[in-house]
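Report on one structure; see the data block that follows.
The values are calculated or read from the model by the stated rules, or taken from the named source; none is laboratory data. Everything numeric in this text was worked out from a predicted model, so none of it was measured. Every residue, glycine among them, receives a Cβ derived from its backbone with ideal geometry; neighbour counts consider all protein chains shown. Remember, those area values only see protein heavy atoms, side chains included, never the ligands or the DNA or RNA. Shrake-Rupley method; radii C 1.70, N 1.55, O 1.52, S 1.80 Å.
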Amino acid sequence: MAKLGLNVDHIATVRQARGGNEPDPVTAAALGELAGAEGITIHLREDRRHIQDRDLDILRRTVKTRLNLEMAATQEMVRIALRIKPEQVTLVPEKRQELTTEGGLDVIINAKQIADTVKRLKDGGIIVSLFVDPNQEQIKAANKTGTDYIEIHTGAYAEAQLWDDRKRELDNIDTAIKLARKVGLGVNAGHGLNYVNVKALAALGGIEEYNIGHSIIARAMLVGLERAVRDMVELIKYA
Ligand code: PXP
């Protein structure tokens, strides 16, 4: 059955707005796990705009499910990952100016750098996932790097307004899932998923883990984190 990886970056975004120590993403992660999240995801960005090194250190010691660290394939981040040893690293592209991760990795152009990074992380005992668009050439290139998983970037699907566009994006994702599984890759998905658009995606089958942040934290502000997490777990598991 599919799992929810709860992304707690936006708890840290609220904390950083005042530069203090609350709300604490460590507390949110613990509450999320109690409510049924089977993984905790954080993105340690180069500019440390939300998650801080302190969060990663503490979460490594307190997360009881699985810690998934999203990061850029830089020397600094690889050093940090090899010291902290999260269960999984998801490699993502990163631009300083972006509001959030804008697209998948270009695994074709950056094949060597990504393959080297995958190897270093895997040699350190860490499961690796590559964040890619639902594009067949990218998935074939991802497979050549030795990665264990891909995380399909669901942003285009989530942003599609018209039914035809949404259906096309969903078909792209379906094709991507099938190709990835055929070549032996595990499949995760994330970005822009919410309580409405996750249903059709979950009905496709084949996705092991959904990494979802913004919609859950937004709902949690109104109904509480426990209920927000439970509602999403239910949609993912019983689609
Ligand atoms: N997966 C990846 C690789 C991401 O970069 C993000 C955004 O940090 C997410 C999932 C979660 O996206 P959202 O906050 O839109 O649910």
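Output the residue which, of all residues in segment 203-216 that are within 8 Å of the ligand (Cβ to nearest atom) and not polar (S, T, N, Q), is most open to solvent (accessible area, probe 1.4 Å).
Taking the candidates together, the pick is His214.
Residue-by-condition table, conditions (1) within 15 Å of the ligand (Cβ to nearest atom); (2) assigned to a strand (DSSP E or B):
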site: Ile108; (1), (2): no, no
site: Lys112; (1), (2): no, no
site: Leu121; (1), (2): no, no
site: Ile150; (1), (2): yes, yes
site: Leu170; (1), (2): no, no
site: Asn194; (1), (2): yes, no
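Which one is farthest from the chain's Cα centre (by Cα), of the residues in segment 4-36 that are more than 16 Å from the ligand (Cβ to nearest atom) and among the aliphatic types (A, V, I, L, M)?
Ala17
For segment 148-157, what are the residues that are over 15 Å from the mean Cα position of the chain (by Cα) and either in contact (Cβ under 8 Å) with a residue 24 or more places away in the chain or within 15 Å of Ser129 (Cα to Cα) (or both)?
Within segment 148-157, the first condition is being over 15 Å from the mean Cα position of the chain (by Cα), and the residues that meet it are 156-157.
Answer for segment 148-157, where residues must be over 15 Å from the mean Cα position of the chain (by Cα) and either in contact (Cβ under 8 Å) with a residue 24 or more places away in the chain or within 15 Å of Ser129 (Cα to Cα) (or both): just Tyr157.
Step by step: first the residues of segment 217-239, then only those that are open to solvent by less than 40 Å² (accessible area, probe 1.4 Å) and part of a helix (DSSP H, G or I), then the one that is nearest to Ile51 (Cα to Cα). Which residue is that? Break it down stepwise before answering.
The first filter runs over segment 217-239 and keeps only residues open to solvent by less than 40 Å² (accessible area, probe 1.4 Å), leaving 217, 220, 224-225, 228-229, 232-233, 236.
Then keep just the ones that are part of a helix (DSSP H, G or I); that gives 217, 220, 225, 228-229, 232-233, 236.
On the way: Ile217: 15, Ala220: 19, Leu225: 18, Ala228: 21, Val229: 20, Met232: 23, Val233: 24, Ile236: 26 Å.
Looking at residues that are open to solvent by less than 40 Å² (accessible area, probe 1.4 Å) and part of a helix (DSSP H, G or I), I get Ile217.
Could you say whether any residue in segment 174-181 is assigned to a loop (DSSP other than H, G, I, E, B), more than 15 Å from the ligand (Cβ to nearest atom) and either at pLDDT 95 or above or of a type in the set (A, V, I, L, M) (or both)?
First, pick out the residues of segment 174-181 that are assigned to a loop (DSSP other than H, G, I, E, B): none.
Scanning segment 174-181 turns up no residue that is assigned to a loop (DSSP other than H, G, I, E, B), more than 15 Å from the ligand (Cβ to nearest atom) and either at pLDDT 95 or above or of a type in the set (A, V, I, L, M) (or both).
Pick from segment 62-94 the residues that are open to solvent by 10 Å² or more (accessible area, probe 1.4 Å), of a type outside the set (Asp, Glu) and within 16 Å of the ligand (Cβ to nearest atom): which of them is farthest from Glu46 (Cα to Cα)? Walk me through how you get there before you give the answer.
Step one: of segment 62-94, the residues open to solvent by 10 Å² or more (accessible area, probe 1.4 Å) are 62-66, 70, 72-76, 79-80, 82-85, 87, 93-94.
From the residues that got through so far, the ones that are of a type outside the set (Asp, Glu) too are 62-66, 72-75, 79-80, 82-85, 93.
Adding the requirement that they be within 16 Å of the ligand (Cβ to nearest atom) leaves 66, 72-74, 93.
Values: Arg66: 22, Ala72: 8, Ala73: 11, Thr74: 9, Pro93: 11 Å.
Filtering segment 62-94 for residues that are open to solvent by 10 Å² or more (accessible area, probe 1.4 Å), of a type outside the set (Asp, Glu) and within 16 Å of the ligand (Cβ to nearest atom), the one farthest from Glu46 (Cα to Cα) comes out as Arg66.
Write out, first by first residue and then by second, each pair whose Cβ atoms fall under 8 Å of each other, whose residues are 6+ apart or on separate chains, and whose first residue, in segment 3-20, is under 21 Å from Leu67 (Cβ atoms) and assigned to a helix (DSSP H, G or I) while the second is near the ligand (Cβ under 10 Å from one of its atoms) and open to solvent by 60 Å² or more (accessible area, probe 1.4 Å).
Pairs found: His10/His214.
I'd like the full set of residues that are assigned to a helix (DSSP H, G or I), more than 11 Å from Leu201 (Cβ to Cβ) and away from the ligand (no atom under 16 Å from the Cβ), limited to segment 153-167.
First, the residues of segment 153-167 that are assigned to a helix (DSSP H, G or I): 155-159, 163-167.
Keeping just the survivors that are more than 11 Å from Leu201 (Cβ to Cβ) gives 155-156, 159, 163-165, 167.
Within segment 153-167, Trp163, Asp164, Asp165, Lys167 qualify.
Return a yes/no flag: does segment 37-53 have any residue that is over 16 Å from the mean Cα position of the chain (by Cα), without any contact (Cβ under 8 Å) to a residue 12 or more places away in the chain and assigned to a helix (DSSP H, G or I).
no
Out of everything in segment 37-61 that is within 12 Å of the ligand (Cβ to nearest atom) and more than 21 Å from Glu226 (Cβ to Cβ), what residue ends up being surrounded by the fewest Cβ atoms within 10 Å (Cβ to Cβ)? Let's see the steps before the verdict.
Our first condition is that a residue be within 12 Å of the ligand (Cβ to nearest atom); within segment 37-61, this holds for 39, 41-45, 49-51.
Retained after the next criterion (residues that are more than 21 Å from Glu226 (Cβ to Cβ)): 43-45, 49-51.
Working: His43: 23, Leu44: 22, Arg45: 19, Arg49: 14, His50: 21, Ile51: 25.
Ranking the candidates gives Arg49 first.
Residue check, Ile127 against (1) open to solvent by 20 Å² or more (accessible area, probe 1.4 Å); (2) of a type outside the set (Gly, Ala, Ser); (3) more than 16 Å from the ligand (Cβ to nearest atom), all met but one. Which one?
If we test Ile127 against (1) open to solvent by 20 Å² or more (accessible area, probe 1.4 Å); (2) of a type outside the set (Gly, Ala, Ser); (3) more than 16 Å from the ligand (Cβ to nearest atom), just (3) comes out false.
Can you find even one residue in segment 63-75 that is in a strand (DSSP E or B) and farther than 30 Å from Tyr238 by Cβ?
Initially, segment 63-75 is screened for residues in a strand (DSSP E or B), giving 67-71.
The next check asks that each one be farther than 30 Å from Tyr238 by Cβ; those that pass are 71.
Yes, that holds for at least one residue.
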